[in-house]
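Participant: Pasting a structure here, questions to come.
A short reminder: the numbers here are calculations on the coordinates, not readings from a lab. Computed from a predicted model, the values in this text were never measured in an experiment. Neighbour counts run over all protein chains shown; Cβ positions are idealised from the backbone, glycine included.
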Amino acid sequence: MLQKKFSVETVKYLVLFLFLIAITIFSIFIAVSLGPVKIGLANTYRIMLGKAVVPNLLTGISNAAIAIVWNMRVPRVLLGFFTGTGLAVCGCVMQTTVNNPISEPYILGISAGATFGAVVSIILGFISAVGLGAFLGAIAATVLVLIIASSQRKMTTTSLILSGTVVNALFTAFANFIISIGANSDSIMTVKFWTMGSLAGTSWSSLPLPLLVVSLSYFFFLLTVPRF
């Protein structure tokens, strides 16, 4: 009975997994076909398949349409997919580690720390180092949360969440204060667009690093799941 139940659960999992893969692939194709420049669905799919597998499918399609779909839309959609995958892995690991299904970077103050680091980099004029500043800010927020949560020599889920709430409010206040006293209109717009996020300017050369980082992180945590 146990073996039968296990096999049924396995089949259900595989069916769900394949269904989600199909939905993901369908979503990618739909996303690539959307944009301000109208390119027919048939031509969009011909360009993707032609560039990837069958070059003969590109016959009769303009170079402009090929450049828009293959050099602009496809890299952006793939980067968005890699980014979403990385966020999903981070969320799963964080919730498993903290043993709380509602844990996420905002509750633990990590996002506020990253925003603070990015704001400092932008205000100081280090536009090319905004990513590094955000990373350092997130690390600082994480360390501060762990220090506060373990101040009673015993770290619990409740202490982590409460510490994260405090750190989130602290770094949010710092970031808003810096913006209010040191930002000009250009800096404010830069901060606004950074916090909103953007895939503009993505090219094929932008994809290897996110793909490598997300893949290594995924397999690392996959292999260490029993330890959590």
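Participant: Would you pick out the residues in the range 34-56 that are surrounded by fewer than 18 Cβ atoms within 10 Å (Cβ to Cβ), in contact with a helix residue (DSSP H, G or I) (Cβ under 8 Å, 6 or more places away or on another chain), of a type outside the set (Phe, Trp, Tyr) and part of a helix (DSSP H, G or I)?
Facilitator: Leu41, Leu49, Lys51, Asn56, listed by residue number.
Residues are listed down the side, and each one gets a yes or a no for (1) touching a residue at least 24 places away in the same chain (Cβ under 8 Å); (2) crowded, with 18+ Cβ neighbours inside 10 Å; (3) in a helix (DSSP H, G or I):
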| site | (1), (2), (3) |
| --- | --- |
| Val143 | no, no, yes |
| Lys154 | no, no, no |
| Thr158 | no, no, yes |
| Phe171 | yes, yes, yes |
| Phe174 | yes, no, yes |
| Ile178 | yes, yes, yes |
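Participant: Taking the range 169-200, which residues are farther than 19 Å from Gly133 by Cβ and under 17 Å from the mean Cα position of the chain (by Cα)?
Facilitator: Result: Leu199, Ala200.
Participant: Moving to a separate point now. Within the bounds of the range 203-221, is there any residue that is without any contact (Cβ under 8 Å) to a residue 12 or more places away in the chain, under 22 Å from Thr97 (Cβ atoms), of a type in the set (Gly, Ala, Ser) and assigned to a helix (DSSP H, G or I)?
Facilitator: Scanning the range 203-221 turns up at least one residue that is without any contact (Cβ under 8 Å) to a residue 12 or more places away in the chain, under 22 Å from Thr97 (Cβ atoms), of a type in the set (Gly, Ala, Ser) and assigned to a helix (DSSP H, G or I).
Participant: Let me ask something else. Give Val54, Val11, Val37, Val15 a once-over and let me know the one that is within 24 Å of Thr202 (Cβ to Cβ) and of a type in the set (A, V, I, L, M, F, W, C).
Facilitator: Val37
Participant: Does Val130 meet the test of being surrounded by 13 or more Cβ atoms within 10 Å (Cβ to Cβ) and either in contact (Cβ under 8 Å) with a residue 40 or more places away in the chain or assigned to a helix (DSSP H, G or I) (or both)?
Facilitator: Criteria met by Val130.
Participant: In addition: Pairs please, first residue from the range 42-58 and free of Cβ contacts under 8 Å to residues at least 24 places away in the same chain and farther than 11 Å from Phe29 by Cα, second anywhere and assigned to a helix (DSSP H, G or I) and among the hydroxyl-bearing types (Ser, Thr, Tyr), Cβ atoms under 9 Å, 6+ apart in sequence or on different chains.
Facilitator: Taking only residues 6 or more apart or on different chains, the pairs are Leu57/Tyr45.
Participant: Could you check Thr157 against (1) polar (S, T, N, Q); (2) over 21 Å from Val143 (Cβ atoms); (3) more than 17 Å from the chain's Cα centre (by Cα) and say which number it fails?
Facilitator: Among (1) polar (S, T, N, Q); (2) over 21 Å from Val143 (Cβ atoms); (3) more than 17 Å from the chain's Cα centre (by Cα), Thr157 violates only (2).
Participant: If you take the residues of the range 60-71 that are assigned to a helix (DSSP H, G or I) and without any contact (Cβ under 8 Å) to a residue 40 or more places away in the chain, which of them is surrounded by the fewest Cβ atoms within 10 Å (Cβ to Cβ)?
Facilitator: Across the range 60-71, the extreme among qualifying residues is Asn63.
Participant: Could I ask something else about it? Given the structure, is Ser163 closer than 17 Å to Ala138 by Cα, touching a residue at least 12 places away in the same chain (Cβ under 8 Å) and among the polar types (S, T, N, Q)?
Facilitator: Yes.
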